[in-house]
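The values are calculated or read from the model by the stated rules, or taken from the named source; none is laboratory data. Here the structure is a predicted model, which is why all the values come from computation and not from measurement. Cβ placement follows ideal geometry from the backbone for every residue including glycine, while neighbour counts extend to all protein chains displayed. In case anyone asks, the SASA skips ligands and DNA or RNA and just uses the protein heavy atoms, side chains included. Shrake-Rupley method; radii C 1.70, N 1.55, O 1.52, S 1.80 Å.
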Amino acid sequence: MRISNDTLIALLERNKIATREQLEELAVEAKRANISLQQHVIKEKLIDEQALTKSFAEFAGFTYVEIVPEDITIDALNRLPERIARQYSAIVFKIDEDGTIHFAMDDPDDVQAINFLEKELGTDAQLYIATHSNILSCLELYKGDVDKKLDQVIDVQRVETEASPEVSEADVAEDSPVAQTVNLLLEYAIRSQASDVHIEPREDYVQVRYRIDGVLKEVNQLPRSVLSPLISRIKILSNLKIDERRVPQDGRFKIKVAGRQYALRVSTLPITEGEKVVMRILDESNKTVTLQQLGYWGHSLKIISEAMTEPNGMILVTGPTGSGKSTSLFSILSSLNRPEVNISTIEDPVEYKISGVNQTQTNPKAGMTFASGLRALLRQDPNIIMVGEIRDGETADLGVQAALTGHLVFSTLHTNNAATCLPRLLDMNIEPFLIASTVKAVVGQRLVRRVCPHCRVSYKPDQAQSDEFLKLFNLLPGHEYSEVHALEKEALEQGVGENVPLGTTEAGGVLQLWKANPEGCKECRNTGYSGRVGIYEVLDNTVAVQKLITAHATSTDIQVQAINDGMTTMMSDGLIKALRAQTTLEEVLRVTRE
């Protein structure tokens, strides 16, 4: 949808989103950046695409619609040929019993397109307006069943590659069956919301696995004969050496699916049966996710929000690989990103690209390590520094010195919980008084699978489960469930599982918990889980904790003091989210029990 500047200014003024003076200033900035005013106001978050489309529909006299792709029937979809639907960004989403055709466009001002579509669809056609992204997601339906297409392409390859195992130019060309196979595997992975694609050679076949919600799942077995052309095709896309199969290689390429851009981070590795490829999928169209959307609430949200506003100091995020540390830092840096603030990062690798942030990739071969990169960043007049990971004493020392000299420093460490992070810095020969004075907060986190809201099952735990619940919460006899009830009530007030009633009575026990439906449903791809949510503990470096650090206290002593200071542990956070129907007790125990 393209809206003229005059119309856009009138819309935003009418809705009291911005004054004419502000919009004229934004128009100058948009011209300078060589983008439209419409793109600029969305980029600056004055209004989002959906709200703008609704407002325009009301202003221009159109009916706004939000289409659910799954609700479109095959008959409705086939009423417009794919070529025409894509050319005019239009979709037929419903046909009434009386023959009335309902179709939507993202640019209803295109009179020529409307005239053509009305001739194509007939006089009974009714026009609606939808967002561009909504139309694009509906157009994906034309691609049909990915599994069937993949089977057809593999059958062709099985016949064509049985005769010759050698890889020719034709095998890896843009329109070759192997290129279609790569495209279909990636498209299916993105539709399945996979984070990683594993292509692994086995003795008699090629195994394809997706990591979905943190769990690996086999999705296909390809004939062994397609391995060489498949790997070569991926290497060509990633700009890697095709003939080098003896050493690991790393590369990157981008694709677009349903109008969204994805970056694929590629890693190859020689194994005994051949060459293995893992592709990490990064959604570059991702909007900034707030800390609340990631699952922060209560004490954790309060402490991290206060630490972020400090002019200097160090904030550390801990957890194992794949626990969402980069996502938390991406959210924090995005919220701090303003024109008057210079943010510089040194990462390995750069996963999420943030507009306006200076991001540097490490390159050990060229001498660009975390330590040397951090040393260079300090000469770049930064306000905020993010170091991808503290791996050694030199990097830790430089980070502490940066925090002492007026910078706000963010970094990650691989420790089991927040309290263990502080003794870990002592092991790196950082002076205790420096740790006590520079570290503002430490975040410990894990990722748990969200139980599917469409098919989740509630149940009342028996006495044995209730006793286990008390034990997990470390509740003393006599306190019973009043402490749990107070935490759950606070979580409800802050929007955690807002549509679910309280799961505990004040002192009488657990009313209900939730578990995944073993059969699942269409929404969760029959897994019982859909997406992931973080469970967190945020350790506030209080005066009492500082005294323990300078006294070389153990992580257990620091943990006990932090809990006394009000910290909600990861286990407790997970149990509250289990009560609030965000996850299950089994998931929390899976990721927190050591």
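In the set T554, T550, which member is touching a Phe, Trp or Tyr at 6+ places or on another chain (Cβ under 9 Å), open to solvent by 60 Å² or more (accessible area, probe 1.4 Å) and over 18 Å from K471 (Cβ atoms)? Steps first, please.
Values: T554 fails: touching a Phe, Trp or Tyr at 6+ places or on another chain (Cβ under 9 Å).
Going through T554, T550 in turn, the sole match is T550.
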Inset, instruction - Report yes if some residue within segment 577-584 is in a helix (DSSP H, G or I), open to solvent by 70 Å² or more (accessible area, probe 1.4 Å), under 16 Å from W514 (Cα atoms) and out of contact with any Asp or Glu (no Cβ under 8 Å at 6 or more places or on another chain); otherwise report no. - result: no
Inset, instruction - Could you please find all residues in segment 530-547 being of a type outside the set (D, E, K, R) and assigned to a helix (DSSP H, G or I)? - result: V543, A544, V545, Q546
Inset, instruction - Among the numbered conditions (1) more than 26 Å from T309 (Cα to Cα); (2) among the hydroxyl-bearing types (S, T, Y); (3) open to solvent by 30 Å² or more (accessible area, probe 1.4 Å); (4) touching a residue at least 40 places away in the same chain (Cβ under 8 Å), tell me where S482 comes up short. - result: (4)
Inset, instruction - Name the helices (runs of 4 or more DSSP H) wholly inside segment 35-120 in which the number of residues that are open to solvent by 50 Å² or more (accessible area, probe 1.4 Å) and within 30 Å of I9 (Cβ to Cβ) is 3 or more. - result: 37-43, 49-60
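Which of the residues belonging to segment 258-288 are more than 16 Å from the chain's Cα centre (by Cα) and at negative phi?
Residues satisfying the conditions are V266, S267, T268, L269, P270, I271, T272, E273, E275, K276, V277, V278.
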Legend entry - Verdict on G566 being closer than 16 Å to L487 by Cβ and open to solvent by 30 Å² or more (accessible area, probe 1.4 Å): yes
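Has segment 133-145 got any residue that is open to solvent by less than 10 Å² (accessible area, probe 1.4 Å), touching an Asp or Glu at 6+ places or on another chain (Cβ under 6 Å) and either in contact (Cβ under 8 Å) with a residue 40 or more places away in the chain or on the phi > 0 side of the Ramachandran plot (or both)?
Yes: one or more hits.
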Inset, instruction - Please find, among G503, G520, the residue that is surrounded by 15 or more Cβ atoms within 10 Å (Cβ to Cβ), modelled with pLDDT under 90 and out of contact with any Ser or Thr (no Cβ under 8 Å at 6 or more places or on another chain). - result: G503
Inset, instruction - Quick one: L237 ticks every box in (1) of a type in the set (A, V, I, L, M); (2) surrounded by 13 or more Cβ atoms within 10 Å (Cβ to Cβ); (3) under 30 Å from G528 (Cα atoms) except a single one, so which number is it? - result: (3)
Inset, instruction - For I242, state whether it is open to solvent by 50 Å² or more (accessible area, probe 1.4 Å), aliphatic (A, V, I, L, M) and in a loop (DSSP other than H, G, I, E, B). - result: yes
Inset, instruction - Output the strands (runs of 3 or more DSSP E) that fall wholly within segment 414-529 and possess 2 or more residues being in contact with a helix residue (DSSP H, G or I) (Cβ under 6 Å, 6 or more places away or on another chain) and closer than 23 Å to T556 by Cβ, or say none. - result: 439-451
Inset, instruction - Could you list, in sequence order, all residues of segment 197-232 that are open to solvent by 10 Å² or more (accessible area, probe 1.4 Å) and of a type in the set (D, E, K, R)? - result: R202, E203, D204, R209, R211, D213, K217, E218, R224
Legend entry - Breaking point among (1) surrounded by 17 or more Cβ atoms within 10 Å (Cβ to Cβ); (2) in contact with a Pro (Cβ under 8 Å, 6 or more places away or on another chain); (3) under 26 Å from S328 (Cβ atoms), for V496: (2)
Inset, instruction - Can you tell me which residue within segment 370-408, out of those that are under 18 Å from T318 (Cα atoms) and charged (D, E, K, R), is least open to solvent (accessible area, probe 1.4 Å)? - result: E389
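To keep it simple, each residue is scored yes or no on (1) at positive phi; (2) modelled with pLDDT of 90 or more.
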site: Q465; (1), (2): no, no
site: E490; (1), (2): no, yes
site: G509; (1), (2): yes, no
site: W514; (1), (2): no, yes
site: C524; (1), (2): no, no
site: T527; (1), (2): no, no
site: Y536; (1), (2): no, yes
site: A562; (1), (2): no, yes
